[in-house]
Structure formats: structure tokens, C-alpha cells
């Protein structure tokens, strides 16, 4: 019996040591794992945008301009766009609800409108590799890099409002309390875009997401403009917060604004020829 007990204790000690060793290896690997910009990315995440500044003029290379028929059927195209920092005229917020029965879960991103009529959308999201699918729990670990996707509205807004059949998409006009905040916010986005192209970061479902970055950009140029709250983590709950903080234009009341800002039907009716942004705004 004593020999059996010694044997069991020995085996248990070895198992504990093996578990501890595997844990140490996993922790070490986690610490050593670094985000990268060179992987086998999915087509729509394949290129990073870079912004080139010449005074007030900004040239953006690798702006995505895909033609989406479905989320799996598309024509790939990357273009350049040139705009002026001092001509940002409006800022729009796009709010995409993935699952109507889970209204707290949504994706938020911005579109910048310029005096010459151009619009550029920027969606902050995970950068996926071929065969990879996003899941919030995986996003807690070092599974996905973060990227700023600059695209035309026909691409970034269109794929959501026209091709994701379960999504509900809203287009809301943002409000700023200081006119100089518009170009400052645009420039802040561009500088972070360039920084990520040089030094990639991990996406994190809680600390480094579409909404936490958006809020950080706003608070960087206007300290305290957006207070910390649950809407940071659950952006589907953000309309009430945005109404309270006067971050969006309200028509009559919030329910009316949300109803009128839904663009899915208009997007589906788009003729493919007219300017997509004008079309969904009814311009």
C-alpha cells in the first residue's frame, strides 16, 4: 500500500509539473507573440491604407472600392483619393446591428464628407486571415490584428446595407461643438492609420475595438467629450448616450431619428450608377 501511495504521489507530481510547464510555455508564447502586417489576409483586408500629407492636401493610397454582389461575390478594386483637411464639411456615423434580436451588439464607424462632394468611410475592425472568422471570445486573446479600413461608402456602407441580409444599418449625422473638430478628427484617424501600418496592434474585444478607438479619437481632440459608459462596450446601446451628449442630429425625437436613419431599403434599391451616398441620403 505504501509503495502504491508513493507511486500515485509521484505520478501526480509529474502531472502537476507537466501542467505547470505547459502553462509556462503558453504564457511565454502569449508574451512573445507579436502582431504582424504580413499574413495571408482575406481579400478585403489585404491592403493597408496610407495617408500622405502635403500641407492641407492628403493623398490616401489603398482605399477599398469593391463592388459587392454578395459578401462572397465581389469585384476587387483599390483606388487613391485626394482630399483637403480644411474641407471636411460633415461627419456621419454608421451603426450596423448584426442581429436584430441582440440590439446591444453593433458595429460603429464614421464617414467623412468634404466640400467637393467626396465621402470617405473608415471602419475600425479586425484584420482576418484566409479561412478565419471573428468571434468576440477569440478577440479577447491575441487572435486578430486591428486595422483601419478606408473605403468608399458604396463599399463599406453598401456591403452592410445591401449584402448582409440580417443586418440593420443606420446612417446618422454627427454633431460637433467646435467647427475645428471636424478636420482634427479626420487627421487623428489618418495619423493612427499610418501608425498601425508601421506598428501593428492586437484587436481586443474590450479594450481595442471599433467603438473604443472612435471614442478615444473624439476625446483626444475634445477631452471629456464622450463619457465612459456601457455604450463603449455595447455600442448597440449608444444611440441614447449619443442623444444625451448631443453627438448626433435628432429629428423630433430619438425613435423618429432612428427610424428615418435606417438605409437598408434605399441601399437595396440603389441603381448602381448614381452616387451611392447621395442615393441613400435621398439627395
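The values are calculated or read from the model by the stated rules, or taken from the named source; none is laboratory data. A quick note: this is a predicted structure, and the numbers were derived from the prediction, not measured. Don't worry about glycine lacking a Cβ; one is built from the backbone with ideal geometry, like all the others, and counts go over all protein chains shown.
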Inside the stretch 65-87, can you point out the residues that are closer than 28 Å to residue 259 by Cβ and surrounded by 16 or more Cβ atoms within 10 Å (Cβ to Cβ)? 68
Could you look through the stretch 208-227, keep only residues that are more than 17 Å from the chain's Cα centre (by Cα) and touching a residue at least 12 places away in the same chain (Cβ under 8 Å), and pick out the one that is nearest to residue 108 (Cα to Cα)? 226
Name the single residue that is farthest from residue 165 (Cα to Cα) among those in the stretch 218-232 being in contact with a helix residue (DSSP H, G or I) (Cβ under 9 Å, 6 or more places away or on another chain) and surrounded by fewer than 16 Cβ atoms within 10 Å (Cβ to Cβ). 220
Mind listing whichever residues of the stretch 39-54 are part of a loop (DSSP other than H, G, I, E, B) and either surrounded by 11 or more Cβ atoms within 10 Å (Cβ to Cβ) or at pLDDT below 95 (or both)? 39, 42, 46, 47, 48, 49
If you check residue 58 against the conditions, is it modelled with pLDDT of 95 or more, farther than 22 Å from residue 126 by Cβ and touching a helix residue (DSSP H, G or I) at 6+ places or on another chain (Cβ under 7 Å)? yes
Somewhere in the stretch 162-170, is a residue under 19 Å from the mean Cα position of the chain (by Cα), farther than 30 Å from residue 269 by Cβ and outside any loop (DSSP other than H, G, I, E, B)? no
So for the stretch 233-240 (the condition being farther than 17 Å from residue 90 by Cα, out of contact with any helix residue (DSSP H, G or I) (no Cβ under 9 Å at 6 or more places or on another chain) and not in a loop (DSSP other than H, G, I, E, B)), does at least one residue qualify? yes
Scan the stretch 252-267 for residues that are part of a loop (DSSP other than H, G, I, E, B) and surrounded by 15 or more Cβ atoms within 10 Å (Cβ to Cβ) and jot them down. 263
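Among the residues of the stretch 165-180 satisfying the criterion of being more than 16 Å from residue 111 (Cβ to Cβ) and buried (at least 17 other Cβ atoms within 10 Å of the Cβ), which is modelled with the highest pLDDT?
Looking only at the stretch 165-180, we keep the residues that are more than 16 Å from residue 111 (Cβ to Cβ), and these are 165-168, 177-180.
Subset that is buried (at least 17 other Cβ atoms within 10 Å of the Cβ): 167-168.
Values: 167: 92, 168: 95.
Per the criteria, the residue is 168.
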Among the residues of the stretch 268-277, are any assigned by TED's automatic domain parsing to the domain that holds residue 158, more than 23 Å from residue 152 (Cβ to Cβ) and either in contact with a strand residue (DSSP E or B) (Cβ under 9 Å, 6 or more places away or on another chain) or surrounded by fewer than 17 Cβ atoms within 10 Å (Cβ to Cβ) (or both)? no
